[in-house]
Amino acid sequence: MLLLPMAVQAGLWDPALLNPSFEAPDVSGAWSQVVDDWFKQSWWGSFVESENGGGIPDTPYGGQWGGISGDAMFQQIGTVEDNLDVSVSSLLGHRANNTQGDVTLSIWVGGNVTVLDDYDPDGTYHS
């Protein structure tokens, strides 16, 4: 066995977030439960939807919205270091025909995402 010492740089990746405006996959005016580059806790509760769908406003960041219904979407954005500043901005809201539910935006540190049941960015189901 050969071991080599290696330095790991802490901090945000560049880009820190992949597919931030949920433009992939292109749903061509419809919707999809596949959300490229995002981990999901379950198959049924997260999706990407075109702004052409009923009750969905135009978005200034593309033509699609990410949606959550009793689920969560997340992705790793880098590694942690002391005094790391992370700026977060988001555009959140409800569909016109569904004003129920809360939205929580979080930055999680640590943990092991491999233990979750999820559709991961390679589109393969893991349980």
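The values are calculated or read from the model by the stated rules, or taken from the named source; none is laboratory data. Keep in mind that what you see is a predicted model, and the values were worked out from it rather than measured. Methodologically, a virtual Cβ is constructed for each residue, glycine included, from the backbone with ideal geometry; neighbour enumeration extends over all protein chains shown.
The residues of segment 71-108 that are more than 21 Å from SER50 (Cβ to Cβ) and small (Gly, Ala, Ser), listed by number, are ALA72, GLY78, SER87, SER89, SER106.
Taken over segment 34-54, the residue count meeting the criterion of being surrounded by fewer than 15 Cβ atoms within 10 Å (Cβ to Cβ), in contact (Cβ under 8 Å) with a residue 24 or more places away in the chain and under 12 Å from TRP65 (Cα atoms) is 0. Listed by first and then second residue, the pairs linking a residue in segment 60-75 that is among the charged types (D, E, K, R) to a residue that is modelled with pLDDT under 90 and assigned to a loop (DSSP other than H, G, I, E, B), with Cβ atoms under 8 Å apart and 6 or more places separating them unless they lie on different chains, are ASP71/GLN41; ASP71/SER42; ASP71/TRP44; ASP71/GLY45.
Every test in (1) touching a Gly at 6+ places or on another chain (Cβ under 9 Å); (2) of a type outside the set (Val, Ile, Thr); (3) modelled with pLDDT under 85; (4) over 20 Å from ASP102 (Cα atoms) is passed by ASP71 save one, and that test is (4). With respect to the stated conditions, SER90 is exposed (fewer than 11 other Cβ atoms within 10 Å of the Cβ) and either at pLDDT 85 or above or touching a helix residue (DSSP H, G or I) at 6+ places or on another chain (Cβ under 6 Å) (or both).
For segment 17-40, what are the residues that are in a loop (DSSP other than H, G, I, E, B), over 19 Å from HIS94 (Cβ atoms) and of a type in the set (A, V, I, L, M, F, W, C)?
Here is the first cut: in segment 17-40, the ones in a loop (DSSP other than H, G, I, E, B) are 17-30, 33-38.
When the remaining residues are screened for being over 19 Å from HIS94 (Cβ atoms), the result is 17-20, 23-30, 33-34, 36-38.
LEU17, LEU18, ALA24, VAL27, ALA30, VAL34, TRP38, listed by residue number.
Taking the criterion of being in contact with a Gly (Cβ under 9 Å, 6 or more places away or on another chain) and polar (S, T, N, Q), the only residue of segment 20-32 that qualifies is SER21.
Considering only segment 14-32, state which residues are aromatic (Phe, Trp, Tyr) and modelled with pLDDT under 90. Full working, then the answer.
Let us first name the residues in segment 14-32 that are aromatic (Phe, Trp, Tyr), namely 22, 31.
Within segment 14-32, TRP31 is the sole residue that qualifies.
If only residues of segment 41-62 that are small (Gly, Ala, Ser) and not in a loop (DSSP other than H, G, I, E, B) are counted, the one that is nearest to SER28 (Cα to Cα) is SER50.
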